[in-house]
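Participant: Here it is: the structure, laid out below.
Coordinate-derived values only; no laboratory data. Given the structure is predicted, the values throughout are model-derived calculations rather than measurements. All Cβ positions, glycine included, derive from the backbone under ideal geometry; neighbour counts span all protein chains shown.
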Amino acid sequence: MRKNIDSMLGFSIMAIDGELGKVRDFYFDDETWKVRYIVVQTGSWLLGRKVLISFASVKKINCESSVFLVDLSCEQVRNSPNIDTEKPVYRQHELELHEHYMLPAYWINTLGVAWGINDYPPFEAAETETETEMEEDKETSALPGDNQHLRSARQITGYLIHAVDGEIGHVKDFIVELGTGLITFLLVDTRNLLAGRKIILSTEKIKRIEWADSEVYVSISRGSIIESPEFDPDKDL
């Protein structure tokens, strides 16, 4: 099942013993295009603090009820590392989160290959790191800027998109496969090119993203965009 990210902002996050808060944002990996974390705006029970929850903790998404069910307790979230979600999330932060929630590190497995969202092995089958190994991970991964691939979906909304022969519009939204967390398409607002008609663009067509300039470069022409059918949420999700 596919869902556009903007429509899930405001979904409730339900722990095993109560509501944690509302979905405020999603962080994804710009190399694999997989959602890694949910930014949760907690309620009054945690003084409105924003917390990060790994997408691997999600056990079920009920779109009809607008609810994410997670395999966490309110107490676990209360005692989670305090990470400023308005600033970059470094690998050191991720290590602290994954150690706290006892999750394997998605970014590398025993073969040195990056895990995907559903590539997390079951926790019972995962090897437990020794304290020495955890400390070594911290030492080798704590450098500022070490992980530059986590991106905020809300922050990238509005980025200018360039085809091979000119501008085609702006990033409007993202379409994600709920079962895998994989972002498969960008929703593009063509604005002046096609009188604001919205189309979807496969993330496989993205050549690069210039983060400093807020621009996305894709490997197709303006003509291909003009010939693309208009996005229909009843058919394309």
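Participant: Enumerate by residue number the GluC sites (Glu not before Pro) in region 61-95 meeting two conditions: DSSP loop (anything except H, G, I, E, B), and at most 10 other Cβ atoms within 10 Å of the site's Cβ.
Facilitator: Loop-located and lightly packed - E64, E86.
Participant: Summing Lys, Arg as +1 and Asp, Glu as -1, what charge do residues with Cβ under 13 Å from the Cβ of R49 carry, R49 excluded?
Facilitator: Charge balance near R49 sits at +2.
Participant: Give me the compactness ratio for region 157-236, meaning the Cα radius of gyration over 2.2 N^0.38 Å.
Facilitator: So the Cα radius of gyration is 1.03 times the expected 2.2 N^0.38 Å.
Participant: Still on this structure, please answer the following. Return the equivalent ellipsoid semi-axes of region 15-71 as a descending list in whole Å, where each equals the square root of 5 times an eigenvalue of the C-alpha gyration tensor.
Facilitator: For region 15-71, the ellipsoid semi-axes come out as 20, 14, 9 Å.
Participant: Scan region 148-237 for chymotrypsin sites (Phe, Trp or Tyr not before Pro) in coil per DSSP, keeping those whose Cβ has at most 15 other Cβ atoms within 10 Å, and list them by number.
Facilitator: W211
Participant: Net charge around T190, counting only other residues with Cβ within less than 11 Å of its Cβ (Lys, Arg = +1; Asp, Glu = -1)?
Facilitator: Around T190, the surrounding residues sum to +2.
Participant: Determine the sum of side-chain charges near Q76: Lys and Arg each +1, Asp and Glu each -1, restricted to other residues whose C-beta is under 13 angstrom from that of Q76.
Facilitator: Net of charged neighbours comes to -3.
Participant: Quick one: which of K50/K172; K22/K207; K22/K205; K59/K207; K3/K87; K59/K87 span more than 29 angstrom between C-alpha atoms?
Facilitator: Long pairs (Cα-Cα over 29 Å): K22/K207; K22/K205; K59/K207.
Participant: Right, something else. How large is the Rg to Rh ratio of region 1-110 when both quantities use alpha carbon positions and Rh follows Kirkwood?
Facilitator: My calculation of the ratio gives 0.93.
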